[in-house]
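Trainee: I have a structure I would like to understand better, so I am pasting it below and will then ask my questions one at a time.
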Amino acid sequence: MKVSSIGIFGGGRIAQALADGLARMAPDELERVYVSARSPVTLSHWEKWVDRSRLFSPAGNAVLARRCDVLLLSVKPKDLPQLRAEMGEIVPPKLIVSLVAGRSLRFLEELFGCDVSLVRALPNVAVAVGKGLTACAAGPGVEPSSLEWVLGFFGRLGRAILLEERLLDPFTVLAGCGPAYGFLFLSLLTEAGMALGWDDSESRAFAVSLLDGVVGLSEAYPSLGWEEFVQWVRSPEGVTDTVCRQLERGRWRESFLEAIQKGVEKLVQMQKEAGDRRV
Ligand SMILES: NC(=O)C1=CN([C@@H]2O[C@H](COP(=O)(O)OP(=O)(O)OC[C@H]3O[C@@H](n4cnc5c(N)ncnc54)[C@H](OP(=O)(O)O)[C@@H]3O)[C@@H](O)[C@H]2O)C=CC1
Ligand SMILES: O=C(O)[C@@H]1CCC=N1
């Protein structure tokens, strides 16, 4: 599939992560990117790219939809109908790639018509540093070369995999939202360091080094299970054991797993509210 221009509809957080990732990993691709944003605040985030990507005013969604080969949707789920209206007629051949969490291919097909090619892609913000994890699911009739293009695009920004659509929602809660859980843990480690007397920046640096070491170990010893790694550190009745026992008394594992389940329930509720009939 030949792609001369990529229109990103909605220049918010994930779009900015994509642009940062393209600048690092595939700067040539960035030159083909056009972005539509709504408010001056959001537009101001794009000023650094002004000479490398083209910005359109709010009235530009229709222009962008007409001009670009790939239309990448990155507005919040609730803003999708309004965006669709602003995009106007979509004249095939176009490839629509929706990053919108929890909106099914069927819902998108009803919104855009069945004569456009639709792919859903669920990235996470680590695309900004070329370490993203993106899952894709294709609508019926999508050309293999179009799907290949999408996988190649996100593959340059990390790992890109193909999933059955029914797995995209659980994937969203685990991997799309996942960086936030990692940062929450880093913030807890930092807070613990500060409570023990280090300042904010020293504590933060320790937290990052610690996790870096953990990732390094997990890569160096791929056959070890997570519990075996824990036992490597957790000497019986030692200090780690005391800390872990306290965490277990606080049911932290159960609490985390329950929270993930709440995320899945939230997606289902959002779909119901939007009349996404897949549910
Ligand atoms: N953030 C993430 O990590 C991930 C997000 N997603 C999905 O990506 C989508 C965007 O999420 P996120 O970037 O976090 O959200 P943001 O709110 O940061 O970004 C959405 C952007 O869309 C803009 N927008 C809304 N309506 C229009 C319109 N009609 N024309 C042009 N721009 C418009 C908003 O503009 P303004 O600011 O001016 O209101 C806003 O900047 C969501 O559907 C989310 O589910 C998927 C994977 C990961
Ligand atoms: O929090 C959200 O709804 C979006 C979906 C994945 C990451 N952020």
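The values are calculated or read from the model by the stated rules, or taken from the named source; none is laboratory data. As the structure is a prediction and not an experimental result, all values here were calculated from the model. All Cβ positions, even for glycine, are placed from backbone atoms using ideal geometry, and neighbour counts span all protein chains on display. Surface accessibility is based on the protein's heavy atoms, side chains included, excluding ligands, DNA and RNA. Shrake-Rupley method; radii C 1.70, N 1.55, O 1.52, S 1.80 Å.
Trainee: Just checking, does segment 18-30 include any residue being open to solvent by less than 60 Å² (accessible area, probe 1.4 Å), more than 19 Å from residue 155 (Cα to Cα) and out of contact with any helix residue (DSSP H, G or I) (no Cβ under 7 Å at 6 or more places or on another chain)?
Mentor: Looking through segment 18-30, none of the residues is open to solvent by less than 60 Å² (accessible area, probe 1.4 Å), more than 19 Å from residue 155 (Cα to Cα) and out of contact with any helix residue (DSSP H, G or I) (no Cβ under 7 Å at 6 or more places or on another chain).
Trainee: For residues that are away from ligand 2 (no atom under 16 Å from the Cβ) and touching a residue at least 60 places away in the same chain (Cβ under 8 Å), scanning just segment 66-87, find the one that is nearest to residue 42 (Cα to Cα).
Mentor: The qualifying residue nearest to residue 42 (Cα to Cα) is 83.
Trainee: For segment 100-195, list the helices (runs of 4 or more DSSP H) that sit wholly inside it and hold at least 2 residues that are away from ligand 1 (no atom under 15 Å from the Cβ), touching a strand residue (DSSP E or B) at 6+ places or on another chain (Cβ under 9 Å) and farther than 24 Å from residue 12 by Cβ; which are they?
Mentor: 144-155
Trainee: So, one more: Of everything in segment 54-94 that's under 12 Å from residue 11 (Cα atoms) and of a type in the set (Gly, Ala, Ser), which residue is modelled with the lowest pLDDT?
Mentor: 57
Trainee: Out of 154, 185, report the one residue that is closer than 18 Å to residue 98 by Cα and aromatic (Phe, Trp, Tyr).
Mentor: Checking each option against the conditions leaves just 154.
Trainee: Of everything in segment 136-157, what is surrounded by 14 or more Cβ atoms within 10 Å (Cβ to Cβ) and among the charged types (D, E, K, R)? Give them in sequence order.
Mentor: Within segment 136-157, just 156 meets the criteria.
Trainee: Condition test on residue 117, is it surrounded by 22 or more Cβ atoms within 10 Å (Cβ to Cβ), in contact with a Lys or Arg (Cβ under 9 Å, 6 or more places away or on another chain) and more than 22 Å from residue 1 (Cβ to Cβ)?
Mentor: Against the criterion (surrounded by 22 or more Cβ atoms within 10 Å (Cβ to Cβ), in contact with a Lys or Arg (Cβ under 9 Å, 6 or more places away or on another chain) and more than 22 Å from residue 1 (Cβ to Cβ)), residue 117 does not qualify.
Trainee: If I ask for residues that are in a helix (DSSP H, G or I) and either closer than 21 Å to residue 18 by Cα or open to solvent by 10 Å² or more (accessible area, probe 1.4 Å) (or both), which ones from segment 70-88 would you list?
Mentor: 77, 78, 79, 80, 81, 82, 83, 84, 85, 86
Trainee: It is to be established whether one or more residues within segment 198-205 are assigned to a loop (DSSP other than H, G, I, E, B) and within 16 Å of ligand 1 (Cβ to nearest atom).
Mentor: No, segment 198-205 contains no residue that is assigned to a loop (DSSP other than H, G, I, E, B) and within 16 Å of ligand 1 (Cβ to nearest atom).
Trainee: Condition test on residue 173, is it surrounded by 14 or more Cβ atoms within 10 Å (Cβ to Cβ) and modelled with pLDDT of 95 or more?
Mentor: Answer is yes for this residue.
Trainee: From the list 118, 133, exactly one residue is touching a Ser or Thr at 6+ places or on another chain (Cβ under 9 Å), in contact (Cβ under 8 Å) with a residue 12 or more places away in the chain and among the aliphatic types (A, V, I, L, M). Which is it?
Mentor: Criteria check complete, one pass: 118.
Trainee: Which ones in segment 219-254 are within 21 Å of residue 188 (Cα to Cα), outside any loop (DSSP other than H, G, I, E, B) and either β-branched (Val, Ile, Thr) or open to solvent by less than 70 Å² (accessible area, probe 1.4 Å) (or both)?
Mentor: 229, 230, 233, 239, 240, 241, 242, 243, 244
Trainee: Pick from 205, 180, 160, 195: which is within 20 Å of residue 99 (Cα to Cα) and surrounded by fewer than 19 Cβ atoms within 10 Å (Cβ to Cβ)?
Mentor: None of the others qualify; the one that does is 180.
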